[in-house]
Amino acid sequence: MKLAAAFALLLAAACNTDAAAPHLARGNVLVNNGHLEEAAQEYREAARLLPKSALARERLGDTLFDLGRKDEALAAYREAAALDTESAFTARIGAARVLESKGDLLAARAELTSGLEKAPTNLFFLLSRGNLAARAGDRKAALADAERAVHLKSDNVPALYQYGLALLDDGQVPQAGATFDRLLEIAPQSPEGYYGRARYFAARGEGAFAAEALAAAAKRVQADARARLEEQGLKGEALDQAARAATSRSLSSMQQDPAFARWAHDAGFRRGADWP
């Protein structure tokens, strides 16, 4: 009797998984084509059919966040993390992202710290927490997280980039320059590497070299953004729109960076940086 009951439970779980799979797949396709409301409905249905699925709730949280429904997104991420405390690290990162967007940097950092207690070598947790620490003005904590990430994976481009910026913020300018050089050795087409070099030259007061590095970074932004979005599954018009938006945000951020403010109205610098 017990064996029959156990078999019935396994069969029910398998049937639920099969029933939910098409909803997850349709949700992914809808997201990739920019139909977020419809995607959210599909993910909700997948979550209903799979009450213990963290993945369905993570995807729902991502979609709700993109729709601007932050409280609902946070609830979905919380449910996902509670269901799969050992492996659903992306749910905790999602929750931290929501909290950050709501201005609660302390709670966002605490969320990531909780995740690191279970996954102390997770680069996403470390880099995300370090970024939040930098935003909060906690330079030493930001540097510590970035340094730890580089020690864990010395050829990781995001880790090296963040470490270089943290070194600059800490006043360790030569070390930052060496870090950005290392980044470009690993990824010669990386816009982050050239942008880091621009920040390094700016810290040294070398405007002409900073402008040249900025122009090199700008030339590589679009291709880099498009490649990253393609890896996420975007295609067609949705990919084109997302790539244009990401490129525009990156270029605007470069031009508004306070590190280059002293040269913002210098015509020669603007020409060298290829700024409008």
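The values are calculated or read from the model by the stated rules, or taken from the named source; none is laboratory data. Worth saying up front: this structure is predicted, and the values here are computed from it rather than measured. No Cβ is skipped: glycine too gets one built from the backbone with ideal geometry, and neighbour counts run over all protein chains shown.
For first residues located in region 201-212 and in contact (Cβ under 8 Å) with a residue 40 or more places away in the chain and among the charged types (D, E, K, R), partners that are surrounded by 18 or more Cβ atoms within 10 Å (Cβ to Cβ) and part of a helix (DSSP H, G or I) and lie 6+ apart or on another chain with Cβ distances below 7 Å form the pairs 212/272. Looking across region 78-89, the residues that are assigned to a helix (DSSP H, G or I) and either touching a Ser or Thr at 6+ places or on another chain (Cβ under 9 Å) or at pLDDT below 90 (or both) come down to 80, 81, 82, 83, 89. Filtering region 236-253 to residues that are loosely packed, with under 13 Cβ neighbours inside 10 Å and in contact (Cβ under 8 Å) with a residue 12 or more places away in the chain leaves 236, 237. Beta carbons closer than 6 Å, at least 6 apart along the sequence or on distinct chains, pair a first residue in region 138-156 that is at pLDDT 95 or above with a second that is buried (at least 16 other Cβ atoms within 10 Å of the Cβ) and basic (Lys, Arg) for 145/129. Among the residues of region 217-276, those identified as modelled with pLDDT under 95 and among the acidic types (Asp, Glu) are 224, 230, 231, 237, 240, 274. Pairs only if they're at least six apart or on different chains, beta carbon under 6 angstrom, first in region 12-37 and closer than 18 Å to residue 54 by Cα and of a type in the set (Lys, Arg), second assigned to a helix (DSSP H, G or I) and at pLDDT 80 or above; list them, first residue then second. As it stands, the answer is 26/42, since those pairs meet every condition given. In this structure, residue 161 qualifies as in contact with a Ser or Thr (Cβ under 9 Å, 6 or more places away or on another chain), under 20 Å from residue 250 (Cβ atoms) and touching a residue at least 12 places away in the same chain (Cβ under 8 Å).
Scan region 33-47 and give yes if some residue there is over 26 Å from the mean Cα position of the chain (by Cα), more than 24 Å from residue 111 (Cα to Cα) and modelled with pLDDT of 90 or more, otherwise no. Looking for residues that are over 26 Å from the mean Cα position of the chain (by Cα), more than 24 Å from residue 111 (Cα to Cα) and modelled with pLDDT of 90 or more, one finds at least one in region 33-47, hence yes. Per the conditions (1) modelled with pLDDT under 95; (2) closer than 22 Å to residue 203 by Cβ; (3) within 18 Å of the chain's Cα centre (by Cα); (4) not basic (Lys, Arg), the sole criterion not satisfied by residue 132 is (2). With respect to the conditions (1) assigned to a helix (DSSP H, G or I); (2) at pLDDT below 90; (3) charged (D, E, K, R); (4) over 29 Å from residue 239 (Cα atoms), residue 92 falls short on a single one, namely (4).
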